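Working notes, structure below.
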Amino acid sequence: MQSIKLILKAFSPRERFLLSVFSSFFLITLIAISALTIQEKSVYVPVQGGVYAEGVIGQPIMINPVLSDNQTDQDLSALLFSNIFDLLSDTKPSEDGREYTVKLKQDLMWDDGKSLTSDDLLFTIQTIQNPASRSPLAKDWQGVSVERVSQLQVNFSLPTPYVFFIENLKRTRIIPKHIFGAVPVENITLSSYNLEPIGNGPYKFESFSKRKDGFITEYNLIPNPLFSGTPSYIERFSFRFYTTLEELAKDLKLRRVQGFGNTLPVSTEIENLPRTITEAVAMPRYYAIFMNAVNNPILKDKNLRMALAMTIDKEKIIKEVFRGNARAITSPVFSELTSLEQASQQATSSPQGILYDPETAARTIASLKTKNIVLNLVIPEIPFLEKTAESIKEDWLAAGIQEVNIFPLDITVLTNDAIKTRNYDLLLFGNIYENPGDLFPFWHSSQRFYPGLNLSLYQSTEADKLIEAVRQKNDIGAQQESLRRLNGLIMSDAPATFLFSTPYFYTHTTNLGGFTPGFITTPSDRFRNVESWYVTKARVLKNEAIDK
């Protein structure tokens, strides 16, 4: 060190300056080369840790997946409870499609350490089927017999072949018999375990906070160490609850929450937040105007029904109401509505349906015997549907309809006073297909009256046969043909005006990785791969990343 000082002392000021410059240049070059080498030889990988909070407008009420139809409860249930299908090691359908024998995986556990067996599966189905439970899943399990074969095996017997039975298994989450088995079904809703559940999903309940008035402000989950699948990366998953979108948006801006999901179009205020992404996730959901000719005989005229469809400028609605985040449709079958991709392609290759043609529509309306037509349109009291209805009203008036009255109703009033009684002429409403490709709940004649959802009261013997064929045939080619013919038939009969399909919108901060839900059937399906979500990452050598 002393010799170096002597050498430097012997240098002239200019030589010391040049040495300093060259040394700095060398050091910077060395750092740059090292950084490039590190970048070339290593990659970022997700690591366990971090906190992720999702904002929710609503409240958890009963986090029990077989009893609640509250969306907030279903979202939490998706993290706390596994569905039947994911817990199976084997599924064997009979040749006639009327029996399914399933086997649970070995060594399944509830998060309190108790074993999960076929007794829990049996108890879950029996609870759903018990009328006293009023389970929203009861329709899925109507007529299905369940038999315990062994500690891990169960046999399901169906009254008729049903190719969508696997979807029932994916939609049904198991609840613990050792927690609820001794409780009368009528009293299960009173259990404290509906807010502090014992589950078997990727996460387990940790805690919740509430105000003095009972409003739950936060709900916290931690990874479940007894989960049968891949361990989760995020070490604390929180939900924070709000009464208004404005409150939620404020906390999203302040990063108090990092995510927010919504079936409604996202406001530009949220969509344009820095370091935030809004993703449009495809759903089997569509909106249509359902025409009730029983309530208003004028709608029996097929020419009028078709003319009303021709006048609607769907692209204008999609641009002005959804800012382009929707897709116009002309029939009940389209790509987002079926997992049978080939069937969807063939079905949608049949006639295009009723296209926008206001001039032809105006001539048709002018030629009708009935003059001074008055139309009453009932809609849910939702801003984007109110805007949609106003746009449609303008189009109908421009085409020669004398009077159009719009009746926005609160969803509870709409359900009880209109849908249950079928007391409407025209109804603007949305449908979600639980089983992609299965049109039974919305178009089979047996579903014309509540609780069925055939909102146009559509009757067609041929359509009924085709709907049943799609449900019962395992042959993909036969399903394709039935779906194609069914699609063409409904378009030809024009019992409804099909408007648009809308996605699910999920807004999250840019540091969230692993969110790849693809196609989802319900909003809670966004958590289908939640174990892969991460908010922290680290650099590792590429060969180590491959090993991981």
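A few notes on this one:
- Strands (runs of 3 or more DSSP E) enclosed by the range 494-548 - at least 2 residues per element that are at pLDDT below 90, crowded, with 16+ Cβ neighbours inside 10 Å and not assigned by TED's automatic domain parsing to the domain that holds Ala307: 537-541
- Residue match in the range 413-435 (condition: of a type outside the set (Ser, Thr, Tyr), in contact with a Pro (Cβ under 6 Å, 6 or more places away or on another chain), surrounded by fewer than 17 Cβ atoms within 10 Å (Cβ to Cβ) and assigned to a helix (DSSP H, G or I)): no
- Any hit, the range 267-277, residues being part of a strand (DSSP E or B), surrounded by fewer than 17 Cβ atoms within 10 Å (Cβ to Cβ) and either out of contact with any Gly (no Cβ under 6 Å at 6 or more places or on another chain) or modelled with pLDDT under 95 (or both): yes
- Some residue of the range 241-256 being part of a strand (DSSP E or B) and either crowded, with 19+ Cβ neighbours inside 10 Å or aromatic (Phe, Trp, Tyr) (or both): yes
- No other residue among Asn200, Asn168 is closer than 23 Å to Asp75 by Cα, of a type in the set (S, T, N, Q) and in a helix (DSSP H, G or I) apart from Asn168.
- The residue that is nearest to Tyr242 (Cα to Cα), counting only those in the range 75-117 that are of a type in the set (S, T, N, Q) and surrounded by 21 or more Cβ atoms within 10 Å (Cβ to Cβ), is Ser77.
- Count - residues of the range 325-339 that are in contact with a helix residue (DSSP H, G or I) (Cβ under 6 Å, 6 or more places away or on another chain) and either modelled with pLDDT of 90 or more or not in a helix (DSSP H, G or I) (or both): 6
- Residue list for the range 436-468, restricted to those being in contact with a helix residue (DSSP H, G or I) (Cβ under 8 Å, 6 or more places away or on another chain), surrounded by fewer than 20 Cβ atoms within 10 Å (Cβ to Cβ) and aliphatic (A, V, I, L, M): Leu453
- Single match in Val266, Val294, Val281, Val257 (criterion: aliphatic (A, V, I, L, M) and within 19 Å of Leu428 (Cβ to Cβ)): Val294
- Within the range 46-56, considering residues that are among the aliphatic types (A, V, I, L, M) and surrounded by fewer than 16 Cβ atoms within 10 Å (Cβ to Cβ), the one nearest to the chain's Cα centre (by Cα): Val51
- Taken together, the residues in the range 112-164 that are among the aromatic types (Phe, Trp, Tyr), modelled with pLDDT of 95 or more and under 23 Å from the mean Cα position of the chain (by Cα) amount to 1.
- Contact map, the range 143-159: first residue without any contact (Cβ under 8 Å) to a residue 40 or more places away in the chain and part of a loop (DSSP other than H, G, I, E, B), second residue surrounded by 13 or more Cβ atoms within 10 Å (Cβ to Cβ) and not hydroxyl-bearing (Ser, Thr, Tyr), Cβ cut-off under 7 Å, separation 6 or more or different chains; pairs are Val144/Phe156; Val144/Leu158.
- Among the residues listed as Leu455, Leu499, Leu486, Leu439, the single one being farther than 22 Å from Ala326 by Cα, within 23 Å of the chain's Cα centre (by Cα) and in contact (Cβ under 8 Å) with a residue 40 or more places away in the chain: Leu455
The values are calculated or read from the model by the stated rules, or taken from the named source; none is laboratory data. Small disclaimer: the values here were computed from a predicted structure and weren't measured. Methodologically, a virtual Cβ is constructed for each residue, glycine included, from the backbone with ideal geometry; neighbour enumeration extends over all protein chains shown.
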